[in-house]
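Report on the following structure.
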Amino acid sequence: MITAEEIKNLRSRDLIDVLNLVPGMNFGVDVQGVVGISSRGNWAHEGKILVLLDGQEMNEILFSSTQFGQRYDISQIEKIEIIRGPGSSIYGGYAELGVINIITKGGKTIKGVNVNGAYGMLNNTYARRNASIAIGSGTEKFNYSIAGYIGQGKRSNRDYTDAYGTTLNLSNYSNIFPGMLNASLIAKDFSMRVIYDAYSLKTIDQFDSTSFPADRVRFNSFYSELKYNLKPSPKLTITPKVNYKSATPWQTANSVQFPYNIHTTRIAPSVNANWDASPAINIVAGVDSYFDQAIQKNDSIVGYFMNGSNTVNYNNIGAFAQLHVKNKFLPLFIGARLDNHNQFGYAFSPRVGITKVFDKFHFKLLYSRAFRAAAIENIRTNPNIKPERTGVAELELGFRLTENMILTGNIYDIRISNPIVFYVNDANPTGAYVNFDKSGTQGFEIEYRYKIKKGFFAANYAYYNAKNNNGVTLYQVPTNGNAMLAWPASKLNVFGNFYFTKKISLNPSLSYIAKRYAYTLYDTNGELILTTIDPKVYFNLNLQSQDLLAKGLDLSIGVNDIF
């Protein structure tokens, strides 16, 4: 868990800055300028990591992808909960390799009005100019909040060269336009949430080439939730809930080369229960479902989906249960989830774990099965596509060295069968999603934390190896069987927060990223050239002052990527 205080002390500019310091997580560019996430060496952008914002699934349903980069207002986040491992046994088909749960500040935290502004400069243009306001108030029985966020940003001002050798400066071709409105109401056991997200990009980056004029890629989305907590007894809570999502992701209606305009909706009713059967036994169970629809809005296209129509519908129903047994000897949790999709059938996701604390020492032993559901566009390009099936084993050990110091480490093994991969060949020049044989990684992560009254210091190191688990040739590095394309085999993060006075602090962070491999250019024969990207060191330094001139007024100034 990463708290608002930690985010503030680190003076993170963006959610990417926060998650980059989490062991095993990295970011990279997908198509059309979109930035996606990887986990432990595995490309997780399309449906392998579930991203929740106040309980709403931010994964779009055409490709199951998520988009990062100035999309979320960092000043409005109360905490971020992260599962660095499979969560399908409870959360379903987007939680194959992890869950990122973003929780924003409610009325009880806001207590009035919060205003935030940020401006960042590159050497010849702005990098970001964002503003937000949050209004809220509340008690234990009644709570409301309304938060708005708008801005402009640029990924970079460096030169970009596509695979054909065309070079352009990104100052005017890597624009970001975030905009979000987030409102909530809690009245005792009833709660309501509404989010409107108007995120878009202006980019020349398509797939392997640049595109003119610069394309505007839109991800306009609307989310809503109604929820009620029924409490038949103090030990039992039953929560019926319905979620609705309406979105037009990857919309590029003005593009000459890649027009794309598909509207999607998802209605997702569910009922969950949480029962403390005894002081030693807790049971969580539920039934959930979703009903998806996609409509091709481009009039020039006929029979877009595999049913010969421009409209397609899918549905899924799932049931899950988890038992947590608390005892002095061997605390145990065991659970499972069963899903049935009307297109590709059943998926079963069991999970078992043992956790134990011995004074200053703790351990966790976990084995999970998980899956990645095939998305609408996966099915359209390949009606025979199967869901990915994943098995993850993980052992974590931790030791509290002193009252202020803790050291943790874990080893893991990720094995993905039937990985869904976008594949282009001579028989299918436009590409299709196909199931390969296997993929995955194995590795370890170590983290050290030291906290005192005047601040904290932390360091973590992550390493993965793909040699034994990866069978997807498109991900392999011909000269290094241990590595995956794009992702560094190892990464070191060092960061901290040091107070000079009660109100002034210095916040440094450093990341060392080992060498990476990428295909960057075509040669004269049309074959891609493998490039080795040298190791990089990114160093950020920030100075902040709290209650500057007036109580509640904070100011921070910093330099990012000093080297």
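The table below gives the values:
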{"item": "Scope the stretch 63-79; condition of a type in the set (A, V, I, L, M, F, W, C) and surrounded by 22 or more Cβ atoms within 10 Å (Cβ to Cβ); matching residues", "result": "ILE74"}
{"item": "Test: residue in the stretch 85-108 that is over 30 Å from ILE376 (Cβ atoms), open to solvent by 60 Å² or more (accessible area, probe 1.4 Å) and more than 22 Å from the chain's Cα centre (by Cα)", "result": "yes"}
{"item": "Residue check, THR501 among the hydroxyl-bearing types (Ser, Thr, Tyr) and either without any contact (Cβ under 8 Å) to a residue 12 or more places away in the chain or within 30 Å of ARG11 (Cβ to Cβ) (or both)", "result": "yes"}
{"item": "Among residues of the stretch 465-519, those that are in a strand (DSSP E or B), open to solvent by 20 Å² or more (accessible area, probe 1.4 Å) and among the basic types (Lys, Arg), counted", "result": "1"}
{"item": "Scope the stretch 528-552; condition more than 18 Å from ASN493 (Cβ to Cβ) and modelled with pLDDT of 90 or more; matching residues", "result": "LEU528, ILE529, LEU530, THR531, THR532, ILE533, ASP534, LEU543, GLN544, SER545"}
{"item": "Yes/no for GLY112 being at positive phi, open to solvent by 20 Å² or more (accessible area, probe 1.4 Å) and not basic (Lys, Arg)", "result": "yes"}
{"item": "Search result, residues across the stretch 302-339 that are under 25 Å from PHE63 (Cα atoms), assigned to a strand (DSSP E or B) and out of contact with any Leu (no Cβ under 7 Å at 6 or more places or on another chain)", "result": "THR311, VAL312, ASN313, TYR314, ASN315, ASN316, ILE317, PHE320, ARG337, LEU338, ASP339"}
{"item": "Top-ranked residue in the stretch 302-339 [being open to solvent by less than 60 Å² (accessible area, probe 1.4 Å), touching a residue at least 24 places away in the same chain (Cβ under 8 Å) and β-branched (Val, Ile, Thr); ranked as nearest to ILE354 (Cα to Cα)]", "result": "VAL325"}
{"item": "Hits in the stretch 1-41 - residues which are crowded, with 21+ Cβ neighbours inside 10 Å, among the hydroxyl-bearing types (Ser, Thr, Tyr) and either modelled with pLDDT of 95 or more or not in a loop (DSSP other than H, G, I, E, B) (or both)", "result": "SER38, SER39"}
{"item": "Counted residues, the stretch 42-62 - those being closer than 15 Å to MET180 by Cβ and open to solvent by less than 10 Å² (accessible area, probe 1.4 Å)", "result": "4"}
{"item": "Pairs where the first residue, in the stretch 177-190, is over 11 Å from ILE146 (Cα atoms) and the second is in a loop (DSSP other than H, G, I, E, B), C-beta under 7 Å, 6+ apart", "result": "PRO178/GLN70; PRO178/ARG71; LYS188/LYS141; ASP189/ASN229"}
{"item": "Pairs where the first residue, in the stretch 101-114, is hydrophobic (A, V, I, L, M, F, W, C) and the second is not in a strand (DSSP E or B), C-beta under 7 Å, 6+ apart", "result": "ILE102/TYR72; ILE103/ASP54"}
{"item": "Selection from the stretch 340-364 of residues that are part of a strand (DSSP E or B), aromatic (Phe, Trp, Tyr) and either open to solvent by less than 70 Å² (accessible area, probe 1.4 Å) or without any contact (Cβ under 8 Å) to a residue 24 or more places away in the chain (or both)", "result": "TYR346, PHE348, PHE358, PHE363"}
{"item": "Filter result for the condition that a residue is open to solvent by 30 Å² or more (accessible area, probe 1.4 Å), of a type in the set (A, V, I, L, M) and not in a loop (DSSP other than H, G, I, E, B), over ALA134, ALA127, ALA118", "result": "ALA118"}
{"item": "Enumeration of residues in the stretch 367-388 that are out of contact with any Asp or Glu (no Cβ under 9 Å at 6 or more places or on another chain) and either assigned to a strand (DSSP E or B) or touching a residue at least 24 places away in the same chain (Cβ under 8 Å) (or both)", "result": "ARG369, GLU377, ILE379, ARG380, THR381, ASN382, PRO383, ILE385, LYS386"}
{"item": "Any pair with Cβ under 7 angstrom, 6 or more apart, that starts in the stretch 236-263 at a residue that is over 30 Å from PHE212 (Cβ atoms) and at pLDDT 90 or above and ends at one that is acidic (Asp, Glu) and in a strand (DSSP E or B)", "result": "LYS241/GLU225; ASN243/GLU225; LYS245/GLU57"}
{"item": "Residues of the stretch 270-301 that turn out to be open to solvent by less than 40 Å² (accessible area, probe 1.4 Å), among the hydrophobic types (A, V, I, L, M, F, W, C) and farther than 30 Å from PRO232 by Cβ, as a count", "result": "1"}
{"item": "Subset of the stretch 225-235 [surrounded by fewer than 18 Cβ atoms within 10 Å (Cβ to Cβ) and touching a residue at least 40 places away in the same chain (Cβ under 8 Å)]", "result": "ASN229, LEU230, LYS231, LYS235"}
{"item": "Residue identified as touching a residue at least 40 places away in the same chain (Cβ under 8 Å), among the polar types (S, T, N, Q) and closer than 30 Å to LEU555 by Cα among ASN42, ASN20", "result": "ASN20"}
{"item": "SER289 vs. criteria closer than 20 Å to PHE344 by Cα and under 29 Å from the mean Cα position of the chain (by Cα)", "result": "yes"}
{"item": "The lone exception for PHE422 - which of (1) under 30 Å from PHE495 (Cα atoms); (2) aromatic (Phe, Trp, Tyr); (3) surrounded by fewer than 18 Cβ atoms within 10 Å (Cβ to Cβ) it fails", "result": "(1)"}
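So that you can scan it fast, the table gives a plain yes or no per residue for (1) small (Gly, Ala, Ser); (2) under 30 Å from PRO279 (Cβ atoms); (3) open to solvent by less than 20 Å² (accessible area, probe 1.4 Å); (4) part of a loop (DSSP other than H, G, I, E, B):
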position	(1), (2), (3), (4)
ASN157	no, no, no, yes
ALA183	yes, no, no, no
ILE186	no, yes, no, no
ASP197	no, no, yes, no
SER200	yes, no, yes, no
ILE204	no, no, yes, no
PHE212	no, no, no, no
ASN220	no, no, no, no
PRO249	no, no, yes, no
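To keep it simple, each residue is scored yes or no on (1) more than 30 Å from GLU5 (Cβ to Cβ); (2) in contact (Cβ under 8 Å) with a residue 24 or more places away in the chain.
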| site | (1), (2) |
| --- | --- |
| GLY409 | no, yes |
| TYR412 | no, yes |
| SER417 | yes, yes |
| VAL424 | yes, no |
| PHE436 | yes, yes |
| ILE446 | no, yes |
| TYR450 | no, yes |
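The values are calculated or read from the model by the stated rules, or taken from the named source; none is laboratory data. For clarity, every value in this text was computed on a predicted model and none was experimentally measured. Neighbour counts are summed over all protein chains in view; Cβ atoms, including those assigned to glycine, are modelled from backbone coordinates with ideal geometry. When the accessible area is computed, the model is the full protein with side chains, heavy atoms only, and any ligands, DNA or RNA have been set aside. Shrake-Rupley method; radii C 1.70, N 1.55, O 1.52, S 1.80 Å.
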